[in-house]
Amino acid sequence: MNSLITDNLDLWASAYTQKSSVGRGSNNKLNLHGIKQLRALILDLAVRGKLVPQDSNDEPASVLLEKVAIEKVRLIDEGKIKKQKALPAITDDEQPFILPAGWVLVRFEDIVDIQSGITKGRKLVGRELESIPYLRVANVQRGSLDLTEIKEVEIPVEEKEKYKVKPRDLLITEGGDWDKVGRTAIWSGELPYIAHQNHVFKARLFLDEQSEQWLEMYLNGPIAREYFAGSSKQTTNLASINKTQLRSCVIAIPPVEEKNRIVAKVQELMMLCDQLEQQQADSITAHETLVDTLLASLANSKTVTETTDNWSRIADHFDTLFTTEHSINKLKQTIIQLAVTGKLVPQSSTDESADVLLKSIFAEQSRLFHDEKLKTKAALSISDEEKYLSVPDSWAFIRLGNIAKFIDYRGKTPTKQADGIRLITAKNVRFGYISLQPAEFISETEYDSWMTRGFPRVGDLLFTPEAPLGNVAIIDIDEKFALAQRAICFQLHEKQCAEFLKLMIMSPVFQQQLQHNATGITAKGIKAARLKEIPVPQPPMEEQHRIVSKVKDLMLLCDQLVLSIRQSQQTNMHLADAIVEQALA
């Protein structure tokens, strides 16, 4: 069983290193979930007696439990602990697994004394108080203690001994979010005196022969965690267990000699996990540094020729560099940045000037002013200081408010219903595409009264000015739909500019402009009046087509890489799951 784990460490490390998304702005790093899963497997095997072999010469656990029961009676008789109400016998339904020979099932309170901690806010007028350090839920992690922030509380002097945490005591969290319920750690005596709050239970062993390491492993293992999850009381996103539920928790106890072997083996394997985790972290850091450096050199290319040279060097090591969705996401952002700065495809002297394109755009804007009373407009002149990126001389700048009509439905939200005419909201506008989920609808009557500011068309751009800020997509919905608030439609005066403008808005440099012009603290947003004044570069129309075509080819390559990574991860996950099934069989 040991070799089953150690021989497959690399598989486990890579099995679950999957990114949750490839979207813009992702700060996710290659995670180490596979090693976390491996740790859980080790604990599961350990507490089931499947990690080390049994030995028929071991003294059965029942002998130790008889000694514990005698010691418990003695402590009750001497008044050192309180006698608790008897708990019911363990039923067959409560047996978590088939016990190996020599193992015994007990309830937690049969083998430890469980105490609640300090309750804050009690009336203590007239009593001699002392300020003492105490452990809170935040200090108790799963299998370790975080002592970076220790708070103090005032309690009566005579209660200090009652709430004192002693070396080898188990600290068990009452609740919080789901992962905090039943978190268990051992107090090793890092401070000469410390107490515990009422949301952290203290469990004290009766005999030196008992093993706090075994109980910590068991309570942090999958079996006890499942019990705590099923027993806990849930309110909103929080959960908790009470003292009675903790007392009743069923614990499997192995023979002392076997328990020692299991604890030693778990410690050995966890050290291997620590080493592998560090190796993975070092590898991830080195990988990301390398990718960042090479992509920076690509993004900083001065000309298309230099871009081509830098790209060829990267292409020679493509399979080595872009092995995670995170690195591919960075590559996508670099491609877009090169595209909007004119470094992805060469310029051509035969292209019609960008000034000609702008004249066509302004002519259409003028017609709309005259024929349709267009109100969207922005300043005409653009200073050099406003041009936030360098572009080829053949390109020209124009403000957003002059390149498109803004159709903006800010205000109240229309009444929604189960079916009818589709309503597109900011939630449907993703980074680069439109999702039809969530699916929301309004009535025909509501549509007629709501859609009074203009009708979005296929090929127009949808943009989210807040929550989230900066998502953009080209409309590809053929059916009639309504546009909700917090989604602006850019109805371009020259429809062929849509694809390049989408890339421009998605680029890191434009996203920075949005942040610079946004207002708000928790949820930033940009007002339409400020959005209209942001300049955007426009290449000649023929060059726009070449840029968009090149970007599509490269994005397809990126998506193929992502698919390959996911398929590889899926294979590794299936192999890892098969190992678990074999181990627990």
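The values are calculated or read from the model by the stated rules, or taken from the named source; none is laboratory data. As the structure is a computational prediction, the values presented were derived from the model and not from experiment. So basically every Cβ, Gly included, is an ideal-geometry build from the backbone, and we count neighbours across all protein chains shown.
Tell me, which residue of segment 518-544 that is assigned to a helix (DSSP H, G or I) and touching a residue at least 40 places away in the same chain (Cβ under 8 Å) is nearest to Y388 (Cα to Cα)?
Checked segment 518-544; the qualifying residue nearest to Y388 (Cα to Cα) is L531.
Where the second residue is among the charged types (D, E, K, R) and modelled with pLDDT under 95 and the first is within 21 Å of K80 (Cα to Cα) and part of a helix (DSSP H, G or I) and lies in segment 139-164, which pairs have Cβ atoms under 6 Å and are six or more apart or on separate chains?
Short answer, once both residue conditions are applied: V157/E128; V157/E130.
Being at pLDDT below 95, surrounded by 14 or more Cβ atoms within 10 Å (Cβ to Cβ) and either part of a loop (DSSP other than H, G, I, E, B) or not assigned by TED's automatic domain parsing to the domain that holds S240 (or both) is the filter here; which residues of segment 165-182 pass it?
E174, V181, G182 - these are the residues of segment 165-182 that are at pLDDT below 95, surrounded by 14 or more Cβ atoms within 10 Å (Cβ to Cβ) and either part of a loop (DSSP other than H, G, I, E, B) or not assigned by TED's automatic domain parsing to the domain that holds S240 (or both).
Restricting to segment 120-132, and then to whatever is modelled with pLDDT of 90 or more and surrounded by 10 or more Cβ atoms within 10 Å (Cβ to Cβ), can you tell me which residue is farthest from the chain's Cα centre (by Cα)?
Selected residue: L129.
Can you find even one residue in segment 402-417 that is of a type in the set (A, V, I, L, M, F, W, C), out of contact with any helix residue (DSSP H, G or I) (no Cβ under 7 Å at 6 or more places or on another chain) and more than 26 Å from I526 (Cβ to Cβ)?
No, because not a single residue in segment 402-417 is of a type in the set (A, V, I, L, M, F, W, C), out of contact with any helix residue (DSSP H, G or I) (no Cβ under 7 Å at 6 or more places or on another chain) and more than 26 Å from I526 (Cβ to Cβ).
Can you confirm whether segment 213-223 contains a residue that is among the small types (G, A, S) and touching a strand residue (DSSP E or B) at 6+ places or on another chain (Cβ under 9 Å)?
No, segment 213-223 contains no residue that is among the small types (G, A, S) and touching a strand residue (DSSP E or B) at 6+ places or on another chain (Cβ under 9 Å).
Pick from L87, L75: which is in contact (Cβ under 8 Å) with a residue 12 or more places away in the chain, under 20 Å from R247 (Cα atoms) and under 47 Å from the mean Cα position of the chain (by Cα)?
L87
Do we have any residue at all in segment 405-423 that's free of Cβ contacts under 8 Å to residues at least 12 places away in the same chain, part of a loop (DSSP other than H, G, I, E, B) and small (G, A, S)?
Scanning segment 405-423 turns up no residue that is free of Cβ contacts under 8 Å to residues at least 12 places away in the same chain, part of a loop (DSSP other than H, G, I, E, B) and small (G, A, S).
As an exercise: evaluate K377 against (1) surrounded by 13 or more Cβ atoms within 10 Å (Cβ to Cβ); (2) without any contact (Cβ under 8 Å) to a residue 24 or more places away in the chain; (3) not small (G, A, S) and give the number of the one condition it does not meet.
Of everything listed in (1) surrounded by 13 or more Cβ atoms within 10 Å (Cβ to Cβ); (2) without any contact (Cβ under 8 Å) to a residue 24 or more places away in the chain; (3) not small (G, A, S), K377 misses just condition (2).
Among the residues of segment 307-321, what is the count of those that are modelled with pLDDT of 85 or more and either closer than 17 Å to I284 by Cα or in contact with a helix residue (DSSP H, G or I) (Cβ under 9 Å, 6 or more places away or on another chain) (or both)?
1
All but one of (1) assigned to a loop (DSSP other than H, G, I, E, B); (2) closer than 22 Å to K202 by Cα; (3) among the charged types (D, E, K, R) hold for K123; state the number of the condition that does not hold.
Failing condition for K123: (2).
Could you pull out the residue among E190, E154 that is among the charged types (D, E, K, R) and out of contact with any strand residue (DSSP E or B) (no Cβ under 6 Å at 6 or more places or on another chain)?
After ruling out the rest, the residue left standing is E190.
Is at least one residue of segment 283-301 outside the structural domain of R142 (by TED's automatic domain parsing), at negative phi and outside any helix (DSSP H, G or I)?
Scanning segment 283-301, I find at least one residue that is outside the structural domain of R142 (by TED's automatic domain parsing), at negative phi and outside any helix (DSSP H, G or I), so the answer is yes.
Sort out which residues of segment 85-119 are part of a loop (DSSP other than H, G, I, E, B) and under 19 Å from E174 (Cα atoms), and write them in order of number.
Within segment 85-119, S116, G117, T119 qualify.
Which of the numbered conditions does A229 fail, given that it passes all the others? Conditions: (1) in a strand (DSSP E or B); (2) of a type in the set (G, A, S); (3) more than 18 Å from V106 (Cβ to Cβ).
(1)
Scanning segment 481-494 for residues that are at pLDDT 95 or above and surrounded by fewer than 20 Cβ atoms within 10 Å (Cβ to Cβ), which turns out nearest to S360 (Cα to Cα)?
If we take residues in segment 481-494 being at pLDDT 95 or above and surrounded by fewer than 20 Cβ atoms within 10 Å (Cβ to Cβ), then E494 is nearest to S360 (Cα to Cα).
Filter segment 460-476 for residues that are at pLDDT 95 or above and either part of a loop (DSSP other than H, G, I, E, B) or touching a His at 6+ places or on another chain (Cβ under 9 Å) (or both) and give the result.
Within segment 460-476, D460, I475, D476 qualify.
Restricting the search to segment 426-441, which residues are at pLDDT 95 or above and either more than 33 Å from the chain's Cα centre (by Cα) or within 17 Å of D408 (Cα to Cα) (or both)?
Once the filter is applied, which keeps residues that are at pLDDT 95 or above and either more than 33 Å from the chain's Cα centre (by Cα) or within 17 Å of D408 (Cα to Cα) (or both), segment 426-441 yields N428, V429.
What number goes with the only condition from (1) surrounded by fewer than 13 Cβ atoms within 10 Å (Cβ to Cβ); (2) touching a Pro at 6+ places or on another chain (Cβ under 6 Å) that D393 does not pass?
(2)
Which of the following residues is within 36 Å of the chain's Cα centre (by Cα), among the aromatic types (F, W, Y) and at pLDDT 95 or above: F108, F97?
Of the residues listed, the single one that is within 36 Å of the chain's Cα centre (by Cα), among the aromatic types (F, W, Y) and at pLDDT 95 or above is F108.
For segment 119-138, how many residues meet the condition of being under 24 Å from A239 (Cα atoms) and in contact (Cβ under 8 Å) with a residue 60 or more places away in the chain?
Matching residues across segment 119-138 total 6.
Does F510 satisfy the criteria of being in a strand (DSSP E or B) and either surrounded by 15 or more Cβ atoms within 10 Å (Cβ to Cβ) or more than 26 Å from the chain's Cα centre (by Cα) (or both)?
No; evaluated as a whole, the condition is false for this residue.
Check segment 418-426 and report whether any residue there is closer than 27 Å to L556 by Cβ and either surrounded by fewer than 20 Cβ atoms within 10 Å (Cβ to Cβ) or β-branched (V, I, T) (or both).
yes
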